[in-house]
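The values are calculated or read from the model by the stated rules, or taken from the named source; none is laboratory data. The shown structure was predicted, so the numbers you read here are calculated from the model rather than taken from an experiment. Cβ placement follows ideal geometry from the backbone for every residue including glycine, while neighbour counts extend to all protein chains displayed. With ligands, DNA and RNA removed, areas are computed over all heavy atoms of the protein, side chains included. Shrake-Rupley method; radii C 1.70, N 1.55, O 1.52, S 1.80 Å.
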Amino acid sequence: MLPETHAVLGFLEGGFSRLKVLVVGDLMLDRYILGDVDRISPEAPVPVLRHAQRYERAGGAANVAMNLAGLGCQALLAGFWGEDAEKAELAAFLDAAKIDTAGVVTTRLPTISKTRIIGRRQQLLRLDIESHEKPGAEDHQRLRERVEALVTKVHAVVLSDYAKGALTPELCEAVIRAARAAGIPVLADPKTPDFAKYSGATMVCPNLSELAVATGVSTHEMAMLLAAGEAQRREHELTYLCVTMSEKGIRVLFDGGEYHSPARAREVFDVSGAGDTVIATLAASLAGGLQVETAVELANLAAGIVVGKVGTVPIAQHELIAALTPSSGIRGGEKVLDRERLAKRVAEWRAAGETIVFTNGCFDLLHVGHVTLLEDCHRFGSKLVLGLNSDASVCRLKGPTRPVVGENERARVMAVLAAVDAVVLFEEDTPVDLIRAVRPDVLVKGGDYSVDTVVGHEIVIAAGGRVEIVPTVEGFSTTNIVKKLKSTD
């Protein structure tokens with residue numbers, strides 16, 4: 001179970017939107033040309049790709065920003081790009097994701113782009129367009145001024161270093177000094193072998209190969225490599241060294257200990273951009289004040305999702321929510337929601353392709369009839385939302401001696417049932433307003449009803465859903481249980 005699951009879900013369902021994260025680094029445009037290969041060229045011993053599809057993605061530091069936006073954060077981006085078609089394409093992606101590019105400086109150099117040519121999921125060739133020149137001193141000064149003006153306005157900073165020239169030692173030092181003075185976490189994704197460039201950062205996140213280059217220790221000597229990494233952490237005054245280890249998961253080193261998060265078992269199609277997803281998730285988590293163990297687990301989960309996709313694809317809130325809220329895995333407390341959080345969770349479920357089922361009732365003194373109804377409900381879809389009458393509502397419907405069990409206790413009892421995915425209280429006599437808000441795909445009612453007598457049926461049917469009537473279990477009701485208990489007094 002993920003530490004601080006309730007807090008994490010709160011962030012994913014809206015809390016991250018309050019956080020601003022600045023990404024400084026090397027911007028790129030990633031292109032993909034996909035097709036089939038079924039012959040060798042007669043002109044040279046090379047495969048011939050029959051073109052089928054082409055698409056573009058934000059890459060490098062821009063992909064880190066896209067991941068932050070996918071998590072719901074307010075992402076700000078700083079770096080360099082040229083005045084060319086690649087810039088226009090990249091800017092369009094960033095604008096669509098509502099990423100602030102006020103920190104990006106336009107230079108006379110081309111926008112960095114990488115074109116990957118792929119045949120049947122196998123990369124055949126990569127074509128890089130970039131200048132051997134680096135941005136000039138004037139460009140670097142403009143970038144530094146913009147970055148320093150932004151640092152104190154955000155909750156975290158990411159240094160996304162692809163060794164393309166944006167992140168000079170001087171800029172890194174200035175950013176880290178300003179951020180630490182303001183109490184803002186700074187995370188660095190390194191592509192240079194000298195971690196001194198990131199001295200004083202909150203967290204540096206190398207992969208095993210990068211750590212091996214920085215320490216001079218082989219990746220085959222894991223214990224020695226991690227020990228050397230710990231020495232680097234102390235030498236450069238890093239609060240955390242977070243090492244991504246591919247199929248071995250993620251290990252974070254810190255004063256007095258370490259934490260290991262095993263890799264999530266998933267089929268891997270493409271690791272492009274997984275490191276960007278990891279550092280974006282770590283930055284958002286630390287910006288929100290989550291424990292480092294929680295941040296690492298969430299980053300590991302996010303990376304496991306994106307490596308199952310082809311190409312550089314950022315993480316999305318609904319993917320993490322779906323991964324964190326399977327019926328059998330989430331604790332009951334995380335299923336009891338207010339209407340605002342329910343609306344967000346339902347939206348994420350729907351975006352993930354889930355079928356939403358809704359039923360309602362008092363559920364006072366849980367009995368086999370209730371359980372049978374809920375099991376029947378879950379057969380009609382993948383996510384069951386339970387509308388629960390509040391105490392005041394039950395009292396109006398059933399009389400002054402009811403409910404026997406209070407609303408908070410009833411909600412927690414219902415939430416621990418595997419068939420139930422969300423529980424929400426409603427104060428009204430009927431759940432019609434709740435049904436209108438949820439817009440379930442399937443509305444279920446137990447008992448001797450017809451479709452046109454079920455409250456909310458017209459709302460569901462008008463939205464393209466359906467109504468299901470399931471039989472009740474004869475002889476079981478809360479009223480009968482109460483009568484029986486009174487008769488034994």
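Here is how the numbers come out for the structure above:
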quantity: The one condition in (1) modelled with pLDDT of 95 or more; (2) in a loop (DSSP other than H, G, I, E, B) that Glu138 fails to fulfil; calculated: (2)
quantity: Some residue of segment 434-457 being more than 28 Å from Arg350 (Cα to Cα), part of a helix (DSSP H, G or I), at pLDDT 90 or above and open to solvent by 30 Å² or more (accessible area, probe 1.4 Å); calculated: no
quantity: Count of residues meeting criterion [assigned to a strand (DSSP E or B) and surrounded by 14 or more Cβ atoms within 10 Å (Cβ to Cβ)] in segment 24-69; calculated: 20
quantity: Test: Glu293 is open to solvent by 30 Å² or more (accessible area, probe 1.4 Å), part of a strand (DSSP E or B) and either at pLDDT 95 or above or not hydroxyl-bearing (Ser, Thr, Tyr) (or both); calculated: no
quantity: In segment 364-422, residue least open to solvent (accessible area, probe 1.4 Å) [restricted to those that are of a type in the set (Asp, Glu) and over 34 Å from the mean Cα position of the chain (by Cα)]; calculated: Asp364
quantity: Residue match in segment 223-240 (condition: modelled with pLDDT under 95, of a type in the set (D, E, K, R), surrounded by fewer than 18 Cβ atoms within 10 Å (Cβ to Cβ) and over 29 Å from the mean Cα position of the chain (by Cα)); calculated: no
quantity: Residue match in segment 352-359 (condition: under 24 Å from the mean Cα position of the chain (by Cα), surrounded by fewer than 17 Cβ atoms within 10 Å (Cβ to Cβ) and either free of Cβ contacts under 8 Å to residues at least 24 places away in the same chain or within 15 Å of Ala415 (Cα to Cα) (or both)); calculated: yes
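Matching residues to (1) farther than 27 Å from Leu90 by Cβ; (2) of a type outside the set (D, E, K, R); (3) touching a Ser or Thr at 6+ places or on another chain (Cβ under 9 Å); (4) open to solvent by 70 Å² or more (accessible area, probe 1.4 Å):
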site	(1), (2), (3), (4)
Glu145	no, no, no, yes
Val158	no, yes, no, no
Val175	no, yes, no, no
Leu187	no, yes, yes, no
Asp194	yes, no, no, yes
Val217	yes, yes, no, no
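Residue by residue, here is whether (1) of a type in the set (S, T, N, Q); (2) out of contact with any helix residue (DSSP H, G or I) (no Cβ under 9 Å at 6 or more places or on another chain) holds:
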{"residue": "Val37", "(1), (2)": "no, yes"}
{"residue": "Ser41", "(1), (2)": "yes, yes"}
{"residue": "Val46", "(1), (2)": "no, yes"}
{"residue": "Ala78", "(1), (2)": "no, no"}
{"residue": "Ala92", "(1), (2)": "no, yes"}
{"residue": "Thr101", "(1), (2)": "yes, no"}
{"residue": "Thr115", "(1), (2)": "yes, yes"}
{"residue": "Glu145", "(1), (2)": "no, yes"}
